[in-house]
Each structure stands twice: as structure tokens, then as C-alpha cells.
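Worksheet for the structure shown next.
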Amino acid sequence: MIDNEYYLARCRRFLAAQPHMRKLGIRVIQAQQSRVTLVLPVQSQLISEGLDTYLHGGVLTTLVDAASSASTLCALEAFELCPTLDLRIDHMRTPVQSQPLYVAAECYRVTRSVLFTRASVYQEDPSRPMAYGIATFMRPEGGAEDSLFARLIDGDEHATVD
């Protein structure tokens, strides 16, 4: 049985390997088999002075896609490059500027060709979501186990990305 530290480390490497995740400051705070929780901290560059929200729709999409992708990492035994096939986000309410955003995602079904995920975006209270996300990811034949990205995620200390 794999422990949660393994999943946490794998998700941290996944986020660190992507420049836009580093730029947004998205971090993993919890990971276990098939589940992950990420946080997007409050940042001044994301605040819209003319609106009562600090979140551009593209940032929310990136956050949900990242969490959903990370949940697939926690559902698969070995890293596979699984591109997003479909992503739907239902917006429930407007986020508050002064609070970070959390997203809890799970990969709830793994088939030979598709991974299915669901996610919930919230601030202080998980029972009061800001948005829900549903996504599917393709499992291409042969995977990408030998790619540089796969080696990075699986902890190869000789793999580097600038």
C-alpha cells in the first residue's frame, strides 16, 4: 500500500514542473489515493478593482484542471500523460477577495481509455462551494512513462526542466 506522502510528493513535483502553476502559487495541501486538495493563495495581481471578485475565469479553470489532473496522478500506479478531454465548471457563487480558494478533486473512475474526475471549489467552508467541476482525461495507448515529464513526476533527480 502506498502512503499519502508518496501522493503528496508526486503532486508537488507535478505542480512544480509547470511554470504557470508556480506563477499562480498553486500548492497541494493534501493528497491520498485518488484524491487531492490544492490551494490558490490570495494574490494582489488576481484582484479586480472594478469587480467584487479576485478571480478571473481562466484562473479558476486552471485551478480545477490542475486539481483534477493531480487526482489522476493519485489514481494511477505509474505516471501517464493524460490530456484533458473535457472540463465543465458550474459556478455557484462569487469568491471573496480576502480568502484563498481551495479545490478538492477526486478521480472516481478509471477505465482503459478514460479517467473521470469531479472537483469542488470552496473558500472557508467545503459545504459552501464556489464551483463544481467535472472532467475527463484521455489515456493514450502506451502512455508516456519514458518522457521527461513522467520522470520528473516520478522523482527522477536527474530529470530537469528550466
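The values are calculated or read from the model by the stated rules, or taken from the named source; none is laboratory data. The shown structure was predicted, so the numbers you read here are calculated from the model rather than taken from an experiment. Note: ideal-geometry Cβ built from the backbone for every residue, glycine included; neighbour counts use all protein chains shown.
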*Give the residue that is surrounded by the most Cβ atoms within 10 Å (Cβ to Cβ), with candidates limited to residues of the stretch 107-121 that are out of contact with any helix residue (DSSP H, G or I) (no Cβ under 6 Å at 6 or more places or on another chain) and more than 12 Å from residue 67 (Cβ to Cβ).*
116
*Kindly provide the set of residues from the stretch 129-150 that are modelled with pLDDT under 95 and either of a type outside the set (A, V, I, L, M, F, W, C) or within 22 Å of residue 10 (Cα to Cα) (or both), ordered by number.*
139, 140, 141, 142, 143, 144, 145, 146, 147, 148, 149, 150
_Subset of the stretch 56-79 (residues that are in a helix (DSSP H, G or I) and either surrounded by fewer than 16 Cβ atoms within 10 Å (Cβ to Cβ) or among the hydrophobic types (A, V, I, L, M, F, W, C) (or both))_ = 57, 58, 59, 60, 61, 63, 64, 66, 67, 70, 73
*asked:* I need a count of the residues in the stretch 58-96 that are out of contact with any helix residue (DSSP H, G or I) (no Cβ under 9 Å at 6 or more places or on another chain), touching a residue at least 40 places away in the same chain (Cβ under 8 Å) and charged (D, E, K, R).
replied: 4
*asked:* Restricting to the stretch 10-45, give me the number of residues that are assigned to a helix (DSSP H, G or I) and more than 19 Å from residue 81 (Cβ to Cβ).
replied: 5
*Considering every residue within the stretch 98-108, establish whether at least one is over 18 Å from residue 138 (Cβ atoms) and either among the hydroxyl-bearing types (Ser, Thr, Tyr) or touching a Cys at 6+ places or on another chain (Cβ under 7 Å) (or both).*
yes
*Collect the residues in the stretch 103-118 that are over 13 Å from residue 31 (Cα atoms) and touching a Phe, Trp or Tyr at 6+ places or on another chain (Cβ under 9 Å), keeping them in residue-number order.*
108, 109, 110, 114, 115, 116, 117, 118
*asked:* I'm trying to understand the selection: among the residues of the stretch 80-106, which are surrounded by 16 or more Cβ atoms within 10 Å (Cβ to Cβ) and charged (D, E, K, R)?
replied: 80, 106
